[in-house]
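Written below as structure tokens is the structure these notes are about.
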């Protein structure tokens, strides 16, 4: 994200459009995620009405 574009309403408008589409498809819930250290994203989610429900650590192993 370009820092000077933050808090300009663009992300919120995109989320609102996605939520409206989801409602039109019969969905009753939206989910999203953010990396644990991405505090800006977490705060944005909260401002948009999302609530934290859990935290997770993802694991990966390269197989050779």
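Is it the case that region 25-33 has a residue that's out of contact with any helix residue (DSSP H, G or I) (no Cβ under 8 Å at 6 or more places or on another chain), surrounded by 10 or more Cβ atoms within 10 Å (Cβ to Cβ) and either modelled with pLDDT under 95 or assigned to a loop (DSSP other than H, G, I, E, B) (or both)? Yes, region 25-33 contains at least one residue that is out of contact with any helix residue (DSSP H, G or I) (no Cβ under 8 Å at 6 or more places or on another chain), surrounded by 10 or more Cβ atoms within 10 Å (Cβ to Cβ) and either modelled with pLDDT under 95 or assigned to a loop (DSSP other than H, G, I, E, B) (or both).
Condition (residue is in a loop (DSSP other than H, G, I, E, B) and exposed (fewer than 10 other Cβ atoms within 10 Å of the Cβ)) applied to region 10-24: is it met by at least one residue? The answer is no; no qualifying residue exists. Going by what's in this entry, would residue 41 be described as assigned to a helix (DSSP H, G or I), surrounded by 12 or more Cβ atoms within 10 Å (Cβ to Cβ) and without any contact (Cβ under 8 Å) to a residue 24 or more places away in the chain? Yes, satisfied.
Screening residue 4 with (1) surrounded by fewer than 10 Cβ atoms within 10 Å (Cβ to Cβ); (2) touching a helix residue (DSSP H, G or I) at 6+ places or on another chain (Cβ under 8 Å); (3) at pLDDT below 95 gives one miss only, at (2). Of all residues in region 10-64, those being more than 14 Å from the chain's Cα centre (by Cα) and on the phi < 0 side of the Ramachandran plot number 17.
The values are calculated or read from the model by the stated rules, or taken from the named source; none is laboratory data. None of these values were measured; they are calculated from a predicted model. Here Cβ is always computed from backbone atoms with ideal geometry, including for glycine, and neighbour counts include all displayed protein chains.
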